[in-house]
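Here is the structure we will look at.
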Amino acid sequence: MTSPPGATPQAPAGSADRPHGRAGRDLPAAITSAVVLLGSIAASLVLWKTAFMVIVAVCVVVAVWELRRGFATKGIDLPEQPLMVGGVVMVAVAYFFGAPALVTATAVTALVIMLWLLRRGVAGYVLNATAAVFTLVYVPFLGSFVALLLAEGGSVGFDRFDDGVRGIVTFILVTIASDIGGYAAGVTLGKHPMAPVISPKKSWEGFVGSAVACVAVGVASVVYLLDGAAWVGALLGLVTVVMATLGDLCESVIKRDLGIKDMSTVIPGHGGLMDRLDSLLATIAPIWLLLHYLVF
């Protein structure tokens, strides 16, 4: 049952009796989950970078599943089969064949989705098709820029230190820096809400903390990992903090509109996968753009 308009979304059953502190997180569970996820990513990049694309494809499938569950609370029925299959294809062609292939795969998947929905008849067609195309762009299309960045190394084999791998490490580090910097500054210093209606815990002090962390990590990563200029790293950090914050706010708006607290509970301490991907999806395209034209 959804919450009435304007009401605060209810927490999942069983979560109210667990003290999560000012940040609203079960910190030990969140740290454990983060270590496991980051460990899996690091292992795939070190051992065989193409395996990282399997992780990305799985994330796309899970994210589509979460959005379908969330949209269902408003009577929106996403066609998850073509979204999942098309999303995996988009990730694969972006990695192996580049940006032109990604654009083509996205267009074809959108057309397939609209044709797929014809089977359901007229009622709800525009609503479901619009939500499906939104999901297509929000998750598989933006997520496929991870594949484009990894492919910058020019190979799909076992080269552990090529430009693509170092680009992915830079992308992850600078985006995580936004989250960690904002969390630390927000919990310790946060007094002025940035968007109280959308995300009450997000503060301007937290944004400043995110900006400082992003710029510092961006400069260090670009200079020492990518052999680029320090100003490019600073620009990367500034762009990242803005896009990560907007991505987080956009996902908060989506959840509030749907009347849910988390997209799911698949990641202990974090909620749903989309609750962790919001910043990553928002930052990957501009990061790829900056690195592609200013560094690689």
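Tabulated values for the structure
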{"item": "Any hit, the stretch 69-78, residues being of a type outside the set (A, V, I, L, M, F, W, C), under 20 Å from the mean Cα position of the chain (by Cα) and assigned by TED's automatic domain parsing to the domain that holds PHE145", "result": "yes"}
{"item": "Any chance GLY259 is within 20 Å of ALA177 (Cα to Cα), crowded, with 16+ Cβ neighbours inside 10 Å and modelled with pLDDT of 90 or more", "result": "no"}
{"item": "Hey, ALA63 in a helix (DSSP H, G or I), more than 24 Å from ASP257 (Cα to Cα) and of a type in the set (Gly, Ala, Ser) or not", "result": "no"}
{"item": "Extreme residue, surrounded by the fewest Cβ atoms within 10 Å (Cβ to Cβ), among residues of the stretch 180-195 that are in a helix (DSSP H, G or I) and aliphatic (A, V, I, L, M)", "result": "LEU189"}
{"item": "Helices (runs of 4 or more DSSP H) fully within the stretch 97-179 counting 2 or more residues that are out of contact with any strand residue (DSSP E or B) (no Cβ under 9 Å at 6 or more places or on another chain) and free of Cβ contacts under 8 Å to residues at least 24 places away in the same chain", "result": "99-117, 125-136"}
{"item": "Top-ranked residue of the stretch 69-86 - restricted to ones that are of a type in the set (D, E, K, R) and assigned to a helix (DSSP H, G or I), ranked as nearest to THR130 (Cα to Cα)", "result": "GLU80"}
{"item": "Test: LEU37 is in contact with a strand residue (DSSP E or B) (Cβ under 9 Å, 6 or more places away or on another chain), of a type in the set (A, V, I, L, M) and surrounded by 14 or more Cβ atoms within 10 Å (Cβ to Cβ)", "result": "yes"}
{"item": "Filtered residues of the stretch 262-275 (kept if β-branched (Val, Ile, Thr) and surrounded by fewer than 19 Cβ atoms within 10 Å (Cβ to Cβ))", "result": "THR265, VAL266"}
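The values are calculated or read from the model by the stated rules, or taken from the named source; none is laboratory data. This is a predicted model, so every value here is computed, not measured. All Cβ positions, even for glycine, are placed from backbone atoms using ideal geometry, and neighbour counts span all protein chains on display.
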